[in-house]
Number of protein chains: 2
Amino acid sequence: KGEATKPSDYPLPPDSKAPTEVIEVDKKTPDGWLPRDPRLIRLTGVHPFNVEAPLTDLFNEGFLTSPELFYVRNHGAVPQVQDEEIPDWEFSIEGLVENPITLTLKDLIAGYPQITCPITLVCAGNRRKEQNVVRKTKGFSWGAAGVSTALWTGTMMQELLKVAKPKRGARYVCMEGADKLPNGYYGTSVKLNWAMDPNRGMMLAHKMNGEMLRPDHGKPLRAVIPGQIGGRSVKWLKKLIITDKPSDNWYHIYDNRVLPTSVSPEESANNQAWWMDERYAIFDLSCNSAIAYPAHEEQLCLVGAPEFYRAKGYAYGGGGRRITRVEVTLDKGKTWRLANIDYAEDRYREAAGTELFGGTIDMEWREASFCWCFWNIDIPLAELRDAKDIFVRCMDESMTIQPRDMYWSVLGMMNNPWFRVTISLEKDYLRFEHPTQPALIPGGWMERVKAAGGNLANGYWGEKIGSEDAEG
Amino acid sequence: KGEATKPSDYPLPPDSKAPTEVIEVDKKTPDGWLPRDPRLIRLTGVHPFNVEAPLTDLFNEGFLTSPELFYVRNHGAVPQVQDEEIPDWEFSIEGLVENPITLTLKDLIAGYPQITCPITLVCAGNRRKEQNVVRKTKGFSWGAAGVSTALWTGTMMQELLKVAKPKRGARYVCMEGADKLPNGYYGTSVKLNWAMDPNRGMMLAHKMNGEMLRPDHGKPLRAVIPGQIGGRSVKWLKKLIITDKPSDNWYHIYDNRVLPTSVSPEESANNQAWWMDERYAIFDLSCNSAIAYPAHEEQLCLVGAPEFYRAKGYAYGGGGRRITRVEVTLDKGKTWRLANIDYAEDRYREAAGTELFGGTIDMEWREASFCWCFWNIDIPLAELRDAKDIFVRCMDESMTIQPRDMYWSVLGMMNNPWFRVTISLEKDYLRFEHPTQPALIPGGWMERVKAAGGNLANGYWGEKIGSEDAEG
């Protein structure tokens, strides 16, 4: 302390180049005007645009993700906003408030404090492909790269709510975007209680990594709801409506829920009551982790290899709860070893007061952790060679731990069992397989085990259990 | 609404009678002056007094527990306070505050708003006996009754802190009790951020179920820290010290931690660094559940039995996160069925504004859930007869679920794997066994499986796994 924090102390965005060419397949879609990065993996065919980066590319970019590799979850056509229209973009705060407000983005920037901070967004469907291999869900097949981090610049939602003054009885903040969809504009809600709490960090952002939002990420204004699933961070934001009840928007009700595992797709279609039960709506993220290295189909030559192999990956918690340990096992959970954790987010805490991209870094007082962290562990080559697989799991500050078991549900969300990479010794090298590959890309040990008749849901990755023998 | 809420709408404390006779074994201890309930099971020999009620007795009392059956975790002799000294009990708020305060309990009651609300306390060691059967920990053997609920009357901690005015840089509230122990007075800390947040509900309480605190429960004043482990709710409270660092009290450092599972008792004794790492300190409770019925060694006669058996038990979450589902399996997790949940806590929310025991019930605005809930499910007798076991698990609003696996650690805390009761068909009745019995009481399927050479840590309750055969 006493010394000024140098910008080099915290990570700055990776080199980034906004795509300039419209990809051929996009040309026939409503997004035919929108240049995109060809590396992105399309998860729902061509349109709407739902994509993740290849996991290795995502991880290699480091703590911050470039806007062109940042995952995208769109429900329909991207609203088209010209640069010259940005300052006049209008949005409102209405409903159960004493002072309804309509303001422009220009007003927001001129009239309210601007902050810049790193926040990780995660799609509730991250790792859903694994669920789909076990049993088809109603959701499309995210791999493990439905997670990305950016520096967001904008205003705390709380600042606007304080001016609007919620009335007694107000309990929810409903949000609505400009994306018109078959079932109306996209919308959802969060708890007003939490929106008013600076520790929860909810904000309205107009910049991402220092540049204005790109169209797929909500240009020109979006909500960023830290620690919660991406589906709450409404893009192309037009309205905040304060209410006494949760949002009745179609997408709030029929998306982003974890119905009980006993509810089949048929039952969920036949009985609307399951969807109306707000207990099954997802807000906080679950703690989760994945292995980036060894990568899928990575080959490690044993001849002349260094004595240690460095395994690496990411982990994140929900609701601002920090990841406090990451553990790796080479013997299917009999013994675990501790990985090193790097929380790059902390370096912004230390930079309190610095101006960045037109906003103040102001995180020193906030104890919540809203970003992913990276872990690594050096494994003796000899042990890796003798192992059949390598698993990772994490635990957060509330002692919540990733479970062994998948919680399968109709929408296949919040999938977070131990992340397993298999190891096979082939001649003089080790070959690694991830559980799955995103979208319809084949590969991964799960499909292989399933094809061989293994039971993927017994907590033993397809191995036979004593009692199954007895019953069989 | 519009109608006054009748007191009968929310549960009132069960019939209670303060014990009047000192139990013979207590007479030779420093607590020889203190009458106690003989039903309580002693977990650490005679002294200090660490006890839980028999699980069935606890559950049968209902939502609120009588002070005489409420679990007790004492570290030493109980401070002796005469009734006439109560009003003059002095305590202070000091450290990094602009206005240090010393006040008496009389001042607290006269000068600050009084509230009454139900809060469940849980020992971090609840269910530790199960860990001790797997591998001896450094902690004593709680069964599943280290949990109890009472109506607490007192003042929100936040009200006092607002008057004391924490200075810039203040981050923790250290608490100290009057119980003098070999390593100093008992003390610990919580985050100031949370203590200032009314949604976290931290309070200083001087009444329990409408009567003054009994000696074992902190007479005359204690902290009640909802949603967190019992060890943070300091009894016989003398000091709140506002600091920039977590408590350096011996009990804060060497108790209530979940060290990594890879740390052995020997390693933890040899390497102090494990204890100094604040990441391993426990604050929020983990979500947890247990089966009360079938009770341990309950026998269910199949002849003339009703068509359904009603299984029942409790569940609780941590950090105010509500339990949103309770699931039961009869086939080792292949399929799960949903139990009914009764959240009695909600009936106090509906009673907003009512006066009770000298405090106002004021919970309508607070969305956090700080109490246990009760679950039940009707199981067809035919299915119960054919099953080998019955498990329960719960999930909270952050989609955190109780795991299949135990996370063994040196202090054996936060044990919360699926709770399993075994079923054996013996002639014309079913016999049920819980995992363990508290303290040194023998019994339960875990000891039986262990004695038969079963591996209790493989995720299959001692069954052989395919790969174990292969390796053996």
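The values are calculated or read from the model by the stated rules, or taken from the named source; none is laboratory data. Bear in mind that the values here come from a model prediction, so they are computed numbers and not experimental data. Methodologically, a virtual Cβ is constructed for each residue, glycine included, from the backbone with ideal geometry; neighbour enumeration extends over all protein chains shown. Surface accessibility is based on the protein's heavy atoms, side chains included, excluding ligands, DNA and RNA. Shrake-Rupley method; radii C 1.70, N 1.55, O 1.52, S 1.80 Å.
Looking across region A:398-435, the residues that are within 14 Å of chain B (Cβ to nearest Cβ), in contact with a Pro (Cβ under 9 Å, 6 or more places away or on another chain) and of a type in the set (Phe, Trp, Tyr) come down to A:407, A:418.
When you look at residue B:239, is it out of contact with any helix residue (DSSP H, G or I) (no Cβ under 8 Å at 6 or more places or on another chain), under 21 Å from residue B:182 (Cα atoms) and not in a loop (DSSP other than H, G, I, E, B), yes or no? Give the derivation first.
Values: out of contact with any helix residue (DSSP H, G or I) (no Cβ under 8 Å at 6 or more places or on another chain): yes; under 21 Å from residue B:182 (Cα atoms): yes; not in a loop (DSSP other than H, G, I, E, B): yes.
Yes.
Out of region A:263-272, which residues are within 14 Å of chain B (Cβ to nearest Cβ) and either over 30 Å from residue B:333 (Cβ atoms) or assigned to a helix (DSSP H, G or I) (or both)? Reasoning before the result, please.
To start, the set of residues in region A:263-272 that are within 14 Å of chain B (Cβ to nearest Cβ) comprises A:263-264, A:267-268, A:271.
Within region A:263-272, A:267, A:268 qualify.
In summary, residue B:395 fulfils each of the numbered conditions (1) away from chain A (no Cβ under 12 Å); (2) under 21 Å from the mean Cα position of the chain (by Cα) with the single exception of condition (1). Among the residues in region A:34-44, are any more than 27 Å from residue A:314 (Cα to Cα) and not basic (Lys, Arg)? Among the residues of region A:34-44, at least one is more than 27 Å from residue A:314 (Cα to Cα) and not basic (Lys, Arg), which makes the answer yes. Pairs meeting the criteria (first residue in region B:287-306 and polar (S, T, N, Q), second residue open to solvent by 30 Å² or more (accessible area, probe 1.4 Å), beta carbons under 7 Å, at least 6 apart or on different chains) are B:299/B:429; B:299/B:431.
I'd like the full set of residues that are under 21 Å from residue A:373 (Cβ atoms) and open to solvent by 10 Å² or more (accessible area, probe 1.4 Å), limited to region A:55-95. Within region A:55-95, A:55, A:56, A:57, A:59, A:60, A:61, A:62, A:63, A:71 meet the criteria. Can you tell me which residue in region A:245-262 is farthest from the other protein chains (Cβ to nearest Cβ), limited to those that are part of a loop (DSSP other than H, G, I, E, B) and under 15 Å from residue B:324 (Cα atoms)? Looking at the filtered set, the residue picked out is A:259.
Could you pull out every one of the strands (runs of 3 or more DSSP E) wholly within region B:281-342 that has 2 or more residues that are hydrophobic (A, V, I, L, M, F, W, C) and either within 14 Å of chain A (Cβ to nearest Cβ) or more than 25 Å from the chain's Cα centre (by Cα) (or both)?
Working: elements: B:288-293, B:299-301, B:308-316, B:323-329, B:340-342.
Here the list reads B:299-301, B:308-316, B:323-329.
Residue pairs whose Cβ atoms lie under 8 Å apart, separated by 6 or more positions or on different chains, with the first residue in region B:362-375 and within 11 Å of chain A (Cβ to nearest Cβ) and among the charged types (D, E, K, R) and the second outside any loop (DSSP other than H, G, I, E, B) and open to solvent by 30 Å² or more (accessible area, probe 1.4 Å), are B:364/B:349; B:366/B:198; B:366/B:199; B:366/B:349; B:367/A:191; B:367/A:193; B:367/B:199.
Residue by residue, here is whether (1) among the aromatic types (Phe, Trp, Tyr); (2) under 30 Å from residue A:259 (Cα atoms); (3) open to solvent by less than 20 Å² (accessible area, probe 1.4 Å); (4) modelled with pLDDT under 95 holds:
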| residue | (1), (2), (3), (4) |
| --- | --- |
| B:393 | no, yes, yes, no |
| B:399 | no, yes, yes, no |
| B:402 | no, yes, yes, no |
| B:407 | yes, yes, no, no |
| B:410 | no, no, yes, no |
| B:429 | yes, no, no, no |
| B:432 | yes, no, yes, no |
| B:435 | no, yes, yes, no |
| B:445 | yes, no, yes, no |
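Elements of the type strands (runs of 3 or more DSSP E) sitting completely within region B:74-157 and holding at least 2 residues that are hydroxyl-bearing (Ser, Thr, Tyr): these cover B:101-104, B:115-122, B:147-156. Evaluated against (1) open to solvent by less than 20 Å² (accessible area, probe 1.4 Å); (2) out of contact with any strand residue (DSSP E or B) (no Cβ under 6 Å at 6 or more places or on another chain), residue B:134 falls short on exactly one condition, (1). For residue A:113, only one of the following conditions fails: (1) closer than 30 Å to residue A:347 by Cβ; (2) buried (at least 20 other Cβ atoms within 10 Å of the Cβ). What is its number? Condition (2) is where residue A:113 drops out. Give the number of residues within region B:13-25 that are crowded, with 16+ Cβ neighbours inside 10 Å and closer than 18 Å to residue B:81 by Cα. Count: 1.
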